[in-house]
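Since every read-out is calculated from the coordinates, none of them should be taken as a lab result. From a predicted model like this one, the values you see are computed outputs, not experimental measurements. So basically every Cβ, Gly included, is an ideal-geometry build from the backbone, and we count neighbours across all protein chains shown.
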Amino acid sequence: MFARRAVFLTRLVLEAKPADRPGATSARVVNEAEIVLGQRKLLQRLVPGLMHAFIFWGFLVLFPTIVLAAIDVAGGGDHTPAWYRDLSDVFAWLVLVGVVTAFVIRKIVRPARFAGSHLGEADVILALIAAVVITLLLWHHFGDSGFAWAHLVLIGLFLAYIPYSKHLHIATAAVNVWMARTRQRGRLEPLRFDLPDDQLRFGVATVADLTRKQVVDAFSCTECGRCQDACPAYATGKILSPKLVIMGVRDQLFAQSEEPIVGNGVPEEMIWDCVTCGACVEACPVSIEHVDHILDLRRSRLMVDSSFPAEAEPMLRDVERASNPWGKPQTERAVWAEELGVRVLEPGDAAPEYLYWVGCAASFDERARASAVATAKLLKRAGVDFAILGPREACTGDPARRMGNEYVFQAYAEQNVATLNEQGVTKIVASCPHCFNTLANEYGDFGGRYEVLHHSELLAQLVDEGRLAPSASSASVAYHDSCYLARHNDVRAQPRKLLKAIGRPVEMERSGKKTFCCGAGGAHMWMEEHGTQINVERAKEAAATGAETLAVACPFCTVMLDDGVREVGADMRVADVATLLAEALE
Amino acid sequence: MILVFVDADELSAQAVGFARGLGDVRAVTFEGAYQPLAWAKALAAQEAEAIVAAGSDRGNELLAHVAALLDVPFAANVTAVDGDTVTRVRWGGSLLEEARLHGEPRILTVAPHTHPAADIGDVETLPAPDDGSPKVIASVEESSGGVSLRDAKVVVSGGRGVGSAEGFAIIEELAGLLGGAVGCSRVVTSAGWRPHADQVGQTGTKISADLYIACGISGATQHIAGAKGAKKILAINTDPEAPILASADYAVIGDLHEVVPAISAELKRVRG
Amino acid sequence: MVLAADAQALETRHLGFTISPHEECAVEEAVRIGGEVVVLTLGPAEAEEQLRDCMAIGADRGILLRTDGEEWDAQSTAAAIAEAIRDEGGFDLVLFGNESADAAGYQVGIRVAHVLGLPVVTGLKRIEVLDGTVRCERDVGGARDVYEAPLPAVLTVLEGLNLPRYPSVPGRLRAKSKPLAVVEPVRPAQGLEKLRLAVPEGQGKRAEILEDAAQVVDVLRRLGVA
């Protein structure tokens, strides 16, 4: 039974579209060690983490007992060495502790993250595990081969059950961790449009379009719900649950369905609720990459079916026709800069040390512009050689890409890379974490390789070097980590260094890698939101710190949280770190 | 002699005023169902050094037909004439073109609201026999009551500052007096004070009104995106730093709960 | 609005080009009506991109009357278009946008109809093709005027006629290989000869502060809305 199912599952993986996950062997080995052996992600929650760790480590240590039990049952006697008997007993008891804890969590505590999961299956599995371990302990204690026999039978049952249940993760989790991204978590994998018709892939419409990584993702889901718990959309009443998305894909996959996944395994609304914040991916103990699934489902719906939330259409048309999502004239981009005497590069000019990529938000939105103005003033003051592209800076294409319009994104990627390369740009500093992410991680696929810094990184560096010397203060300032900085790109320390230099930083509960989205990601800046708003939710959290100021490092976060704070009625000022730094220098 | 086609509307009165600046005016009109080509033939058959009409839908259409019949150029939406040089409007008013109008008679329509109205005076009715070309065969009443947001010439819009669903009564009053539609910002629809159909913005309706009056609206980028199609924007806000002021042509710094009723009262007063 | 140095055209270095919204609705309507749809434009070589966009939403082929970038007035534009249509022959319906978003001459469709000897109805918000005729509607104040014309006919339409579809990527890819014929008509002497362009006063937005209701009503009357 096991073998037959194993063959079926292996076939599903092999028949899937290839996943582009090259090299980086050493990083993958480190991941295996930390995430699988070390149970790092699971231990993000201490009690459930330990519960699972005990069971998992127990499994590893107890594995040889199968051989030993088989020998005994075959008549060869109990060859278990004494040290191993003691060791395995200890671990067997740990497993039992784990199982009991698991039952307590599931039956008594009943955390919300299990909503939608198949709890019955879990009970069967836990009972089987307990039985396997109890028979082992009984065999060790009483020496009766009958217990060894029972032990083996139960293991056999367990083996057969594994590939038909969510316990399949035993076999596939380690594989999934191996295949996961080792770097550039913020980079979406590009599609190719220059292939012959029959090889074109426009994201995922049916299970036949899934990549091998996506198939192994589906196999590895244990329905633990940690992703669901972390999801800002789910937390504010939307129907999106990353867990349910993966379960939906898995069910369609096992059924070998030819129907579109959206509308059959995964409700359409779910894929558009996503803000691509990556909290789900961060939380997942088996390295499932939910954002890739959701984005691929979006790509197919948008690019092939032309089906997507209507309110985003003006943005898509504006990005394509006006080169920015607000549909404002490109000639307006540099107006603020000219007034400050910032150099605007013309073709043929020598490249500056840093190309300051302003971004559409700062160019066209008054609230976001404050950050660019401050950044430019600070860079000038510190004597940094920088310039901007002005009207030749087109949208990086991030909103189109996150919406699922890979085609329009690539047109802009190619255009911007050509502009940057012709200009001889090597170093870029960007204010917007979305621009930053795209320039640093995604333009490489289109021939654009640059050293990219977020403005908070460069400003922190300048303060470190003494080129900017702000005056300290004891005013409290809370910091909101942007998803695309803190989670996708690990930029957490530098903004904090800046804030320490100019005030008294206060951490929110959900901060750093665990930050809670402002709600604008995944092109949601241009989409309607139903139910409780994510930005209001986050603004409440910020207001609860009691700090006078909420510091941010992203133009979207600025606008969303400013709106949120106003709506909540809190007496809190929302400002970019650059603005605050500039003020501390006056 | 300047031949002016007139309808019974203010734009025609403006066109007559404009034409009087060019010479003696002969104002004409037609009776019966509108039949563009037949009416144009009648106009084209008249002797005139110039044929003028208002830059309305009908005026532009008629004179385009006349120009085609006579195979001469036609300048639409003119704001000024100097000899054979005309200044005309492009890009919905954002750009002016100076051009030389060759050929006779000179055919042009007058850009709306660029010239004061004049007393039309005597109007001749010309005969225009049915020539079998397309004409109006029926008139269908619009099913929707009230002015649609998308087509409205004036939109009076309320934002967070209005404070409540009931607060919109003063907005509705002003909109009614101006024959316009009521709009709102996203905060208002989220709060449930107005339906989504009233929402002006990137994810709501993009308006193309002649005037947008934004009351208590701070002016988020997405909202402005829906309003930027308006030719003129008047902002009423207590905050002189509100982002909307950067996009407004006119502003009143004050509380909309006082300002809006005051405007309505003044309108009623001057209308008598 | 930024003019080029010689004030003959808009500075287009940083502008993207697009189809006028009225024309976009015309193309969408044509695709919905069905049959063979041909898109035609008079413009510089770059206008091919707009023709391909039309093909991406369903037009079958395109004709580019290629100019060297100089503007053509409405009369000469119409003459060139009419000639191209006459050369092609066999059209049941010729659709135009009512006026172009830029030059807004309001006359090309009408002039083409005259040259081709076809009936024309303009400013349409609704089109219904019946057997041998077309029934169409136009907004007039709070009502709609209804016209009927025999086919073949020329119709000009307004935005609001329909909601143009968003092109699919497979559609865009297919459009790359659909047929596009290029013709180079000769530009005749211009009847409406553009001398120069100018930006009207008061383009930069700085809100004029109004002090009281009387001032506001004054402005309202000046704008023609009160």
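On a 0 to 90° scale, report how tilted helix A:534-543 is relative to the longest principal axis of chain A, with both axes built from alpha carbons and the result rounded to the nearest 10.
Once rounded, one gets 80 degrees.
Give me the dipole magnitude in Debye, nearest 20, for the stretch B:2-125 about the Cα centre, with unit charges on the beta carbon: positive for Lys and Arg, negative for Asp and Glu.
Numbers: 8 positive and 18 negative charges, 58 e Å.
Taking the Cα centre of the stretch B:2-125 as origin, the dipole is about 280 debye.
I need the calculated FRET efficiency for the pair A:Arg467 and A:Val124, taking r as the beta carbon distance and R₀ as 56 Å, to the nearest 0.05. List each step's numbers first, then the result.
Working: r = 64 Å, r/R0 = 1.14.
It comes to 0.30.
If you count, for every residue in B:71-78, the Cβ atoms of partner chains within 10 Å of its Cβ, what is the mean? It would help to have the intermediate numbers written out before the result.
Details: counts 6, 3, 10, 10, 6, 8, 4, 0.
Neighbouring Cβ atoms belonging to other protein chains average 6 per residue here.
Between the DSSP loop rule and a limit of at most 16 other Cβ atoms within 10 Å, which trypsin sites (Lys or Arg not before Pro) in the stretch A:1-101 are left?
Working: sites: A:Arg4, A:Arg5, A:Arg11, A:Arg28, A:Arg40, A:Lys41, A:Arg45, A:Arg85; in loops: A:Arg40, A:Lys41, A:Arg45.
In loop regions of the stretch A:1-101 (DSSP not H, G, I, E or B), the sparsely surrounded trypsin sites (Lys or Arg not before Pro) are A:Arg40.
What percent do you get for the relative contact order of chain A when only Cα pairs under 8 Å and 6+ apart count?
12 percent
So how much slack lies between A:Val7 and A:Ser307, counting 0.36 nm per residue of separation and subtracting their Cα-Cα distance, in nm? If you can, show how the numbers build up before the last one.
Details: separation 300, 0.36 × 300 = 108.00 nm, distance 3.68 nm.
Extending this stretch completely gives an extra 104.3 nm.
Which Cα, out of A:Leu240, A:Val207, A:Gly225, lies furthest along the positive dipole direction of the stretch A:197-307 (beta carbon charges, K/R +1, D/E -1)?
Towards the positive end, the residue furthest out is A:Gly225.
With each run of n ≥ 4 DSSP H residues scored as -39500 (n - 2.57), what mean residue ellipticity at 222 nm is computed for chain A after dividing by its residue count and rounding to the nearest 500 deg cm²/dmol? Please list the in-between numbers first.
Details: 27 runs with 294 residues, N = 586.
Counting only the DSSP helices, I get -15000 deg cm²/dmol.
Report, in whole Å, the centroid distance computed from the Cα atoms of the stretch C:55-77 and the stretch B:172-198.
Cα centroid to Cα centroid, the span is 41 Å.
Need one number: nm distance between label points at A:Leu159 and A:Leu60, each 7 Å from Cα along Cα→Cβ, rounded to one decimal.
Going by the 7 Å Cα→Cβ label model, 2.2 nm.
Using the count of nearby Cβ atoms within 10 Å as a rough guide to exposure, how do A:Phe254, A:Phe219, A:Phe142 rank from fewest to most? Provide the component values of the computation, followed by the final result.
Working: A:Phe254 15, A:Phe219 25, A:Phe142 10.
With the fewest neighbours first, A:Phe254, A:Phe219, A:Phe142 line up as A:Phe142, A:Phe254, A:Phe219.
Within the stretch B:37-138, what percent of beta bridges assigned by DSSP are antiparallel, to the nearest 5? It would help to have the intermediate numbers written out before the result.
On the way: 10 of 18 bridges.
Looking only at bridges with both residues in the stretch B:37-138, the antiparallel portion is about 55 percent.
Roughly how tilted is helix B:57-70, in degrees to the nearest 10 and between 0 and 90, from the longest Cα axis of chain B?
Once rounded, the angle reads 30 degrees.
Starting from the alpha-carbon convex hull of the protein assembly as shown, give the projected area averaged over all orientations, in nm². Present the calculation step by step, with values, prior to reporting the outcome.
Values: hull surface 196.1 nm².
Quarter of the Cα hull surface area: 49.0 nm².
Based on alpha-carbon centroids, what's the gap between the stretch A:214-279 and the stretch B:56-119 in Å, whole number please?
Distance between centres, Cα-based: 60 Å.
What is the order of A:Arg110, C:Arg187, fewest Cβ neighbours within 10 Å to most? Spell out each step's value before the answer.
Working: A:Arg110 11, C:Arg187 16.
If I rank by nearby Cβ atoms, fewest first, I get A:Arg110, C:Arg187.
What's the Kirkwood radius of the stretch A:197-307 in Å, using all Cα pairs? Kindly include the intermediate steps, with their values, before the conclusion.
Numbers: mean 1/r = 0.0725 Å⁻¹.
Roughly 13.8 Å, rounded to one decimal.
Per DSSP H run of at least 4 residues, take -39500 (n - 2.57); add these up for chain B, divide by its residues and hand me the 222 nm value, nearest 500 deg cm²/dmol.
Values: 7 runs with 72 residues, N = 272.
When only DSSP H runs of four or more count, the value is -8000 deg cm²/dmol.
Relative contact order of chain C, please, whole-number percent, based on alpha carbon pairs below 8 angstrom and at least 6 residues apart. Write out the running numbers ahead of the final one.
Details: 365 pairs, mean separation 58.3, N = 226.
Computed value for chain C: 26 percent relative contact order.
Whole-Hz Karplus ³J(HN,Hα) for the stretch B:239-246, in order, using 6.51 cos²θ - 1.76 cosθ + 1.60 and θ = phi - 60°, x for Gly and Pro?
Once rounded to whole Hz, the list reads 9, x, 9, 4, x, 5, 5, 5.
Step through the residues of the stretch A:561-569 one at a time and calculate ³J(HN,Hα) from phi using the Karplus curve (6.51 cos²θ - 1.76 cosθ + 1.60, θ = phi - 60°), rounding each to whole Hz and writing x for Gly and Pro.
Values per residue, Gly and Pro as x: 6, 4, 4, x, 5, 5, 5, 6, x Hz.
Count, for each residue of B:243-250, the Cβ atoms from other chains sitting within 10 Å of its Cβ, then give me the mean as a whole number. Walk me through the intermediate numbers first.
Values: counts 5, 2, 5, 4, 3, 5, 7, 9.
Per residue, the average neighbour count from other chains is 5.
Sorting A:Met525, A:Met403 on the 10 Å Cβ count, fewest up front, what's the list? All intermediate terms of the calculation are to be shown ahead of the outcome.
Values: A:Met525 25, A:Met403 28.
If I rank by nearby Cβ atoms, fewest first, I get A:Met525, A:Met403.
List the relative contact order of chain B as a percent without decimals, with contacts defined as Cα pairs under 8 Å and 6+ residues apart.
Numbers: 571 pairs, mean separation 39.7, N = 272.
Relative contact order for chain B comes out at 15 percent.
Hey, how many Å between the Cα centroid of the stretch A:56-89 and the Cα centroid of the stretch A:455-478?
With the stretch A:56-89 and the stretch A:455-478 each reduced to a Cα centre, they are spaced 60 Å.
At a Förster radius of 51 Å, what calculated FRET efficiency corresponds to the Cβ-Cβ distance of A:Arg21 and B:Arg100, to the nearest 0.05? Don't jump to the answer; show the numbers that get you there.
On the way: r = 67 Å, r/R0 = 1.32.
My answer for the efficiency is 0.15.
Please name which of A:Met525, A:Val463, A:Ala478 has its Cα lying farthest along the dipole of the stretch A:461-553 towards the positive end, using unit charges on Cβ (Lys, Arg +1; Asp, Glu -1) and the Cα centre as origin.
Positive-most Cα among the choices belongs to A:Val463.
Roughly how crowded by other chains is peptide A:509-517, in terms of the mean Cβ count from those chains within 10 Å of each of its Cβ atoms?
Details: counts 0, 0, 0, 0, 0, 0, 0, 0, 0.
Taking all residues of A:509-517 together, the mean is 0.
By residue number, which cysteines of the protein assembly as shown lack any other Cys whose Cβ falls under 4.7 Å from their Cβ?
Lone cysteines by the Cβ rule: A:Cys221, A:Cys224, A:Cys231, A:Cys274, A:Cys284, A:Cys360, A:Cys395, B:Cys184, B:Cys215, C:Cys25, C:Cys54, C:Cys136.
Fully extended, how many nm does the chain gain between C:Gln215 and C:Asp60 (0.36 nm per residue separation, minus their Cα-Cα distance)?
50.2 nm
Considering only DSSP beta bridges whose two residues both sit in the stretch C:21-222, what percent are antiparallel, to the nearest 5? Show your work: numbers first, answer last.
Numbers: 12 of 30 bridges.
Counting DSSP beta bridges with both partners in the stretch C:21-222, the antiparallel share is about 40 percent.
Beta carbons within 10 angstrom, averaged per residue: use that to sort the peptides C:68-76, A:269-277, A:466-474, highest first. Intermediate results must be reported in sequence, preceding the final value.
Working: C:68-76: 18.2, A:269-277: 24.2, A:466-474: 13.0.
Final packing ranking: A:269-277, C:68-76, A:466-474.
Can you tell which of B:Leu234, B:Pro105, B:Leu267 lies farthest toward the positive end of the dipole of chain B, using +1 and -1 charges on the Cβ of basic and acidic side chains (Lys, Arg; Asp, Glu)?
The listed residue farthest towards the positive side: B:Leu234.
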